[in-house]
Amino acid sequence: MAENVRPRVKAPRQASAGDSVTIKTLISHPMESGQRKDSDGNTIPRSIIHRFTCEFNGEMVVDVTMEPAISTNPYFEFDAVVPEAGDFKFTWYDDDGDVYEDTSSVVMA
Amino acid sequence: MRKTTAITALLSAGAITAGAAYAEPVEDTLVVNGEIEMTTWTEPSETVEGKLLELISGWHFRGTETRAMQADDFDNSGMIFVQDAKDAWNTVEGDAGKSCSSCHEDVAGSMKGVRAVYPKWNEDAEEVRTLEMQVNACRTENMEAEPLGYTSTDMTSMVALISSVSRGMPVDVATDGPVSETWEAGKELYYTRTGQLELSCANCHEDNYGRMIRADHLSQGHINGFPVYRLKNTKLNSVHDRFKGCIRDTRAETFAPGSPEFVALELYVASRGNGLSVEGPSVRN
């Protein structure tokens, strides 16, 4: 069980229809690769976030598969076109079955 | 992303092609979140008068991407720890049934300016206290809780939270009066060569800042940006941990974090940076 996992999103609250906006996301997570050993020589089990998605009003914007080589606190920055007012929904899927969610609403300027 | 000027880019490109072991600190200005204007390059403090021509924050010695990370709280990974500490600030711990906020209420109001003047003299205890010592004094005396480890993540995060609300304010630690003895002891340590490599703090950070020590770009070694989020270990690093690392690199036995020697050194080094803005939590490599 990963501790202190906290999703963070930075997205504009206002846009014009058809605007391309920049979205930044970061989730604090240790992203334990499963390759390391502890001081007793035992393998530390893998514990990473293996999938990240962003949807806008139910439509998929990005769907990312993440692998163990990705560093601590994975950060994604991407552009998305906003066709209408609505909600961005962000979802992170943890190896341990936890799902973390965040949303960000956009209104038309 | 912040843009460096074309001139800066040309200058650094020139330095690289010349193969010189000297890389000037980059000229740039730091404005955090588009609102907190930082003083990162200024007149020498009283402590370094005659020793340094100007005070330059370590921020100027780092790469374009690293500098940009610090300019926005979202990109600054140190703020993750600040967020954790905000929760801890309101969490009741210890037998007295108190949290930090029970006495100090809102951290942004009550702690503004605090980081800038530490380490400082504590009248009741008659000792020089670092911010870490003060946090633990509060915990043990007022909250009746267990003290935190001096360089533990919980402690360093709390110091980062307290520091974050003073960002932009000039470092202004006192060097005279009751602290003068400790300050002198710190100065002595700063100029004492240690280890098999026989290096003092001054050999690198006063005589050779701007030069490369192998792959690392030597800064003036100010501590206005502590706690520092370092990309190399993806966590917040406290001042005393940094001192320990530096002294270890001279191949010497180091002092312990929280020891009187390091407290004295912290006071002296902090006073060298008097006039630079409080930056913590800053981002370095």
Checklist line | Candidate set: the stretch A:4-23, residues that are among the hydrophobic types (A, V, I, L, M, F, W, C) and within 14 Å of chain B (Cβ to nearest Cβ); chosen: the one nearest to A:D98 (Cα to Cα) | finding: A:V5
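Would you say B:A215 is over 22 Å from B:S152 (Cα atoms), among the aliphatic types (A, V, I, L, M) and free of Cβ contacts under 8 Å to residues at least 12 places away in the same chain?
Yes, satisfied.
Hey, among the residues in the stretch B:76-92 that are over 18 Å from the mean Cα position of the chain (by Cα) and without any contact (Cβ under 8 Å) to a residue 40 or more places away in the chain, which one's nearest to the other protein chains (Cβ to nearest Cβ)?
Going through the stretch B:76-92, the residues over 18 Å from the mean Cα position of the chain (by Cα) turn out to be B:83-84, B:86-92.
Now drop any that are not without any contact (Cβ under 8 Å) to a residue 40 or more places away in the chain, which leaves B:83, B:87, B:90-92.
Numbers: B:Q83: 6, B:D87: 9, B:N90: 15, B:T91: 13, B:V92: 19 Å.
This residue is B:Q83.
Among the residues of the stretch B:145-155, are any open to solvent by 10 Å² or more (accessible area, probe 1.4 Å), farther than 28 Å from B:D176 by Cα and over 24 Å from the mean Cα position of the chain (by Cα)?
Taking the stretch B:145-155 first, the residues open to solvent by 10 Å² or more (accessible area, probe 1.4 Å) are B:145-154.
Retained after the next criterion (residues that are farther than 28 Å from B:D176 by Cα): B:145-149, B:152-154.
Narrowing further to those that are over 24 Å from the mean Cα position of the chain (by Cα): B:145-146.
Taking every residue of the stretch B:145-155 in turn, at least one turns out to be open to solvent by 10 Å² or more (accessible area, probe 1.4 Å), farther than 28 Å from B:D176 by Cα and over 24 Å from the mean Cα position of the chain (by Cα).
Would you be able to tell me the number of residues in the stretch B:111-124 that are open to solvent by 40 Å² or more (accessible area, probe 1.4 Å) and not β-branched (V, I, T)? If you could, list the steps in order and put the result at the bottom.
Let us first name the residues in the stretch B:111-124 that are open to solvent by 40 Å² or more (accessible area, probe 1.4 Å), namely B:112, B:117, B:120-121, B:123-124.
Subsequent filtering for residues that are not β-branched (V, I, T) retains B:112, B:120-121, B:123-124.
The qualifying residues number 5.
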Margin query: For the stretch B:63-75, give me each residue that is more than 14 Å from every other protein chain (Cβ to nearest Cβ) and open to solvent by 30 Å² or more (accessible area, probe 1.4 Å).
Written below: B:G63, B:T64
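When you look at B:D95, is it within 14 Å of chain A (Cβ to nearest Cβ) and surrounded by fewer than 20 Cβ atoms within 10 Å (Cβ to Cβ), yes or no?
Numbers: within 14 Å of chain A (Cβ to nearest Cβ): no; surrounded by fewer than 20 Cβ atoms within 10 Å (Cβ to Cβ): yes.
No, not satisfied.
Only one residue in A:G41, A:G58, A:G34, A:G97 is free of Cβ contacts under 8 Å to residues at least 60 places away in the same chain, more than 14 Å from chain B (Cβ to nearest Cβ) and under 28 Å from B:A88 (Cα atoms). Which one? Walk me through how you get there before you give the answer.
On the way: A:G41 fails: under 28 Å from B:A88 (Cα atoms); A:G58 fails: under 28 Å from B:A88 (Cα atoms); A:G34 fails: under 28 Å from B:A88 (Cα atoms).
Answer to the check: A:G97.
Scan A:G41, A:G34, A:G58 and give me the residue that is farther than 18 Å from A:Y100 by Cβ, of a type outside the set (V, I, T) and in contact with a Pro (Cβ under 9 Å, 6 or more places away or on another chain).
None of the others qualify; the one that does is A:G34.
Would you mention how many residues in the stretch B:80-92 are open to solvent by 20 Å² or more (accessible area, probe 1.4 Å) and not hydroxyl-bearing (S, T, Y)? Walk me through it before giving the result.
Of the residues in the stretch B:80-92, the ones open to solvent by 20 Å² or more (accessible area, probe 1.4 Å) are B:81, B:83-84, B:86-88, B:90-92.
In the following step, the residues that additionally are not hydroxyl-bearing (S, T, Y) were identified as B:81, B:83-84, B:86-88, B:90, B:92.
Residues that pass the stated criteria total 8.
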Note to self: Are there strands (runs of 3 or more DSSP E) fully within the stretch A:14-109 with at least 2 residues that are open to solvent by less than 80 Å² (accessible area, probe 1.4 Å) and under 21 Å from A:N4 (Cα atoms)? List them.
What the structure shows: A:19-28, A:49-56, A:86-94, A:99-108
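Please work out if B:A108 is more than 24 Å from B:V263 (Cα to Cα) and of a type outside the set (V, I, T).
Numbers: more than 24 Å from B:V263 (Cα to Cα): yes; of a type outside the set (V, I, T): yes.
Judged against the criteria, B:A108 is a match.
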Notebook entry, point to check: From B:A160, B:A215, B:A202, B:A137, which residue is of a type in the set (A, V, I, L, M), surrounded by fewer than 18 Cβ atoms within 10 Å (Cβ to Cβ) and more than 30 Å from B:L53 (Cβ to Cβ)?
Noted result: B:A137
Checklist line | Pair list, Cβ under 9 Å, 6 or more apart: the stretch B:231-246 residue open to solvent by less than 20 Å² (accessible area, probe 1.4 Å), other residue among the aliphatic types (A, V, I, L, M) and in a strand (DSSP E or B) | finding: B:L236/B:V228; B:N237/B:V228; B:S238/B:V228; B:V239/B:V228
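Does B:V159 satisfy the criteria of being touching a Phe, Trp or Tyr at 6+ places or on another chain (Cβ under 7 Å) and assigned to a helix (DSSP H, G or I)? Break it down into steps so the answer makes sense when it comes.
On the way: touching a Phe, Trp or Tyr at 6+ places or on another chain (Cβ under 7 Å): no; assigned to a helix (DSSP H, G or I): yes.
Criteria not met by B:V159.
The values are calculated or read from the model by the stated rules, or taken from the named source; none is laboratory data. All values derive from a computational prediction rather than experimental measurement. Cβ atoms come from the backbone with ideal geometry, glycine included; neighbour counts cover every protein chain shown. When the accessible area is computed, the model is the full protein with side chains, heavy atoms only, and any ligands, DNA or RNA have been set aside. Shrake-Rupley method; radii C 1.70, N 1.55, O 1.52, S 1.80 Å.
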